[in-house]
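**Q** Pasting in a structure now, in structure tokens, and then I'll have a few things to ask.
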Amino acid sequence: MEISTIGPVSYYKTMTVLLLGATSNMAVALARHYASNGHNLQLAARSSKEIEILKNDFSIRYGITAEAYPFDALDYHNHAQWYAAIPNKPDLVILVFGYLGDHERATHQWEESQKIIASNYTGAVSILNVIAHDFEQRKKGTIVGISSVAGDRGRMSNYVYGSAKAGLTAYLSGLRNRLTHAGVHVMTVKPGFVRTKMTEGLPLPAPVTATPEKVASLIYKAAQKKKNSIYVLPIWAPIMLIIKNIPEFIFKKLKL
């Protein structure tokens, strides 16, 4: 595989990129960005029909190799077998799947809470444990996990979703600490508000809302530079710094 170097950072000029949750708006934007830069794609999602369509489109449009792999993030018991069946292991894995859910319903229906937790945390840990072991053995690779600013501090409006993302952020931090010794990089991404199917209909404030294309471009650049953790829009860093440092006796009285 051809290697290119920019300054002190080396990375694969032509990579195979595995997208977990490949049919989301953010994942499609990422796939388009990597494919347009000559990288090969492995598209994984529940809908085999959708990923087949995407595979054919990207192959023809960009002249790259694209593969489709039906994948269920909640099928924990088969994750190891599923990954083992991929003949050409990826160089870069981007975990994009997630589920915002209905917070109000989740507060009194365990099934909704369970789906939020499983989709945003348990499923992620299950598949990334398998991939991390492979990368550690090969002593190379990059893992990018899409977390959320919601995980920085629990708020009354989305604390079930936020708690799952907080768990994912902590997991990725620990994974980064472990895998760096094997030459494997792990990057945490906190997008904030993004205009996608998942947030359709929500009143998102324009100054702090990104498009999937913006997210894809920034992830691509940050992964090349081996960033550890990024907010997609810089404005989220001071916003979350303020929110995290509000004293609890004040914070608990706010309606956020």
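Derivation of every value follows stated rules applied to the coordinates shown; laboratory data play no part. Please read all numbers here as calculations on a predicted model, not as lab measurements. Don't worry about glycine lacking a Cβ; one is built from the backbone with ideal geometry, like all the others, and counts go over all protein chains shown.
**Q** Per DSSP helix of 4 or more residues, -39500 (n - 2.57); summed, then divided by the residues of the chain. What does that give at 222 nm, rounded to the nearest 500?
**A** -13000 deg cm²/dmol
**Q** Another question, then. Report the label-to-label distance for residue 253 and residue 181 in nanometres (one decimal), using points 7 Å from each Cα along the Cα→Cβ vector.
**A** If labels sit at residue 253 and residue 181, their model points lie 4.7 nm apart.
**Q** What does the charge dipole of segment 43-110 about its Cα centre add up to, to the nearest 20 debye, if the Cβ of each Lys and Arg holds +1 and the Cβ of each Asp and Glu holds -1?
**A** That gives a dipole near 120 debye.
**Q** Okay, next question. Charges only on Cβ, +1 for Lys and Arg, -1 for Asp and Glu: so what's the dipole of segment 3-251 about the Cα centre, in debye to the nearest 20? Kindly include the intermediate steps, with their values, before the conclusion.
**A** Numbers: 26 positive and 17 negative charges, 178 e Å.
It comes to approximately 860 debye.
**Q** Given the pairs 140/190; 214/253; 221/255, which are separated by over 29 angstrom at their Cα positions?
**A** Checking Cα-Cα distances, 214/253; 221/255 exceed 29 Å.
**Q** With a sphere of radius 13 Å drawn around the Cβ of residue 171, what net charge do the other residues whose Cβ falls strictly inside it have (Lys, Arg +1; Asp, Glu -1)?
**A** +3
**Q** With θ taken as phi - 60° and the coefficients 6.51, -1.76 and 1.60, list the Karplus ³J(HN,Hα) couplings across segment 91-108 in order, rounded to whole Hz; mark glycine and proline as x.
**A** Values per residue, Gly and Pro as x: 8, 9, 10, 10, 8, 10, 5, x, 8, 5, x, 10, 4, 4, 5, 5, 6, 9 Hz.
**Q** Taking Cα atoms, how many degrees apart are the long axis of helix 25-36 and the longest axis of the chain, rounded to 10 and kept between 0 and 90?
**A** 30 degrees
**Q** Going by how many other Cβ atoms sit within 10 Å of their own, how do 135, 251, 58, 193 line up, fewest first?
**A** Lowest count first: 251, 193, 58, 135.
**Q** Sorted from fewest to most neighbouring beta carbons within 10 Å, what does the list 43, 254 look like?
**A** 254, 43
**Q** While we're on this one: If each residue's Cβ is checked for other Cβ atoms within 10 Å, how do 236, 110, 82 rank with the fewest at the top?
**A** 110, 82, 236
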